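The values are calculated or read from the model by the stated rules, or taken from the named source; none is laboratory data. This is a predicted model, so every value here is computed, not measured. Cβ atoms come from the backbone with ideal geometry, glycine included; neighbour counts cover every protein chain shown. Please note that ligands, DNA and RNA were not included when accessible areas were found on the heavy atoms of the full protein model with its side chains. Shrake-Rupley method; radii C 1.70, N 1.55, O 1.52, S 1.80 Å.
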Amino acid sequence: SWRKLRSGEKKIAIGPRSAIFSPTQDLGIIILDEEHDNSYKQIDPAPRYHAREVAIMRASMTDSVVIMGSATPSMQALEMTKKGKAVLLELTKRHESAKLPEVEILDLKQYTGAMKGELAVPMHLAIKEALDKKEQVILLYNRLGFANYLQCETCGHIPQSPECSVSLTYHKRKNQLICHYSGYSRKADTNCEKCGSEFLSEQGSGTQKIEEQLEELFPDARVLRFDRDSTSKKGAHEKILDSFGAGEADILVGTQLVAKGLDFPNVTVVGVTDADTELAFPSFQSSERMFQLLSQVAGRSGRGAKPGKVFIQTRQPDNEALKFAQKHDYNGFADSELDFRKALNYPPYSRLVKFVLKGKNESQVRVSAFKLKSVLERLVPDFDSLGPSPAAIAWMNQYYLWEVMVKLPTDRGGNFIERLLDKVMEVYEFESEISTNIVRININVEAIR
Ligand SMILES: [Zn+2]
Ligand SMILES: [Zn+2]
């Protein structure tokens, strides 16, 4: 295919993020659909590029145009339009003038005695009703195994890092709460830091057997599962969706994957079993991710002639991002999110550069991370650096991972960043007693997590 593109025989290249490197001749337009999607960023292995950045660079070199499409533009893209680096074109009519569905927020704290498995009673009833009418249901459940966290059962609060406003991760073995940005840690709270309640519960882990649960609750319904496990085989993805689209199943359950661009006219109920897991994700982007997820989810319901309804279960019914998602208010969300980013100097107001240190001996990795941090503090004292901290997934394939981050200004170009990072590594390698062959360091510019 690449040869045909190079010879000019083919004029359109379409593909995942790597298509941005295709040898298309006389380039005219680069289109990034679902621009906000994190999969445009390659995290590992190198090159750790963001396809949006590459697209903009390639367009400027070839004098072509970049078109980014999204129902929930990333804060980075939005900021470009505010700075006049991009033009915002808004579609004001919805596809086939379908109505936006009604979004109902269910406060799990109110339903502790009225749950059917993972489902609060109103959601359970709505699903039952839809099934009785031979309509279909999509259910999103938690992404598992990423991070555990504590949550107050009284007010829904999730402990936050005092410096970085990201959620703290709960480490049961050490009974500690840890910030994966700054490395801040403390003994696990016994009382809620917000309301003082002593009812804190551990969330985010556990094996929810939602599929079996649904089969018990709705014995006549045909349930299809859609997640990384069930779609890992080639073609399995399309097969599951085709089968659901053809009405061969009544309920589709899955992780956030099911929210992506699906269009099923017979789906009238969409449910999210626990929106808080997105908020608890240890990232400055957690609110944005939740807003995007819920907006996509809302777009899945009521695509056809029948009106749809969306149910979102949470313990933080007053959360701002959630409220904006309920009202389908992107602009409101973006304003409040940009204020938060600005106050803490997160992207798009800074470029987040992440150093990931990786080695087989934990204490060597830790010592190296502290060394790197001290080099950064001396070389670039004016730029905020965060960490060192064990990575959110701190141990992988027999390697320990630690991270150090630095927030660089956005008004300096790639050359400046390259020179600066070269200098940092040069000084680090000179001073560190541990070779970079033993503790490897990956540098990730425009780190998104
Ligand atoms: Zn509380
Ligand atoms: Zn922190």
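Each residue was assigned an accessible area with a 1.4 Å probe, and for residue 281 the value is about 20 Å².
Can you give the Kirkwood hydrodynamic radius for the chain, in Å, rounded to one decimal and based on Cα pairs?
Here the Kirkwood hydrodynamic radius works out to 23.9 Å.
Tell me the net charge near residue 113. Cut-off is 14 Å between Cβ atoms, residue 113 excluded, with +1 for each Lys or Arg and -1 for each Asp or Glu. Neighbour charge sum, excluding residue 113 itself: 0. Counting heavy atoms of the protein chains alone, residue 17 has an accessible area of about 70 Å² for a 1.4 Å probe. In whole Å, what is the distance between the alpha-carbon centres of the range 372-407 and the range 303-359? Each part reduced to its Cα centre gives a spacing of 25 Å. If I build a Gaussian network model for the chain, linking alpha-carbon pairs within less than 10 angstrom, which residue out of 73, 317, 47 has the largest mean-square fluctuation? Checking each option, the largest mean-square fluctuation is seen for 47.
Can you compute the helix-only [θ] at 222 nm over the chain? Use -39500 (n - 2.57) per DSSP H run of at least 4 residues, normalise by all residues, nearest 500 deg cm²/dmol.
Values: 12 runs with 132 residues, N = 449.
Theoretical 222 nm ellipticity from helices: -9000 deg cm²/dmol.
Normalised radius of gyration (Cα atoms, divided by 2.2 N^0.38 Å) for the range 43-186: 1.53.
Seen from residue 135, the other residues with C-beta closer than 10 Å to its C-beta sum to a net charge of 0, counting Lys and Arg as +1 and Asp and Glu as -1. Here each label is just a point 7 Å from Cα along the line to Cβ, and for residue 438 and residue 91 those points are 5.6 nm apart. With Cα atoms as the point set, the range 351-445 shows a radius of gyration and Dmax of 12.8, 39 Å.
Within the same chain, aspartates and glutamates fewer than 8 places from residue 4 are excluded, and of the rest, those with a Cα less than 15 Å from its Cα are 26. Label zone (residue 44, point 7 Å along Cα-to-C-beta; backbone nitrogen cut-off 17 Å) within the range 11-34: none.
If you take the Cα centroid of the range 1-38 and the Cα centroid of the range 409-427, the two points sit 29 Å apart. Over 24 Å between Cα atoms, which of 41/99; 373/407; 358/407 qualify? From 41/99; 373/407; 358/407, over 24 Å: 41/99.
Placing R0 at 22 angstrom, the Cβ-Cβ distance between residue 242 and residue 306 gives a FRET efficiency of 0.60 after rounding to 0.05. The label-point distance for residue 172 and residue 363, in a model that sets each label 7 Å from Cα toward Cβ, rounds to 2.8 nm. For a modelled paramagnetic label at residue 2, 7 Å from Cα along Cα-to-Cβ, the residues of the range 40-58 in reach, with backbone nitrogen under 18 Å, are 42, 45-51, 54-55, 58. Electrostatic bookkeeping for residue 54 treats Lys and Arg as +1 and Asp and Glu as -1; over the other residues with beta carbon under 12 Å from its beta carbon, the sum is +3.
Among the helices of the chain, none built from whole DSSP H runs has Cα atoms reaching 27 Å or more along its own axis together with a mean Kyte-Doolittle hydropathy of at least -0.5.
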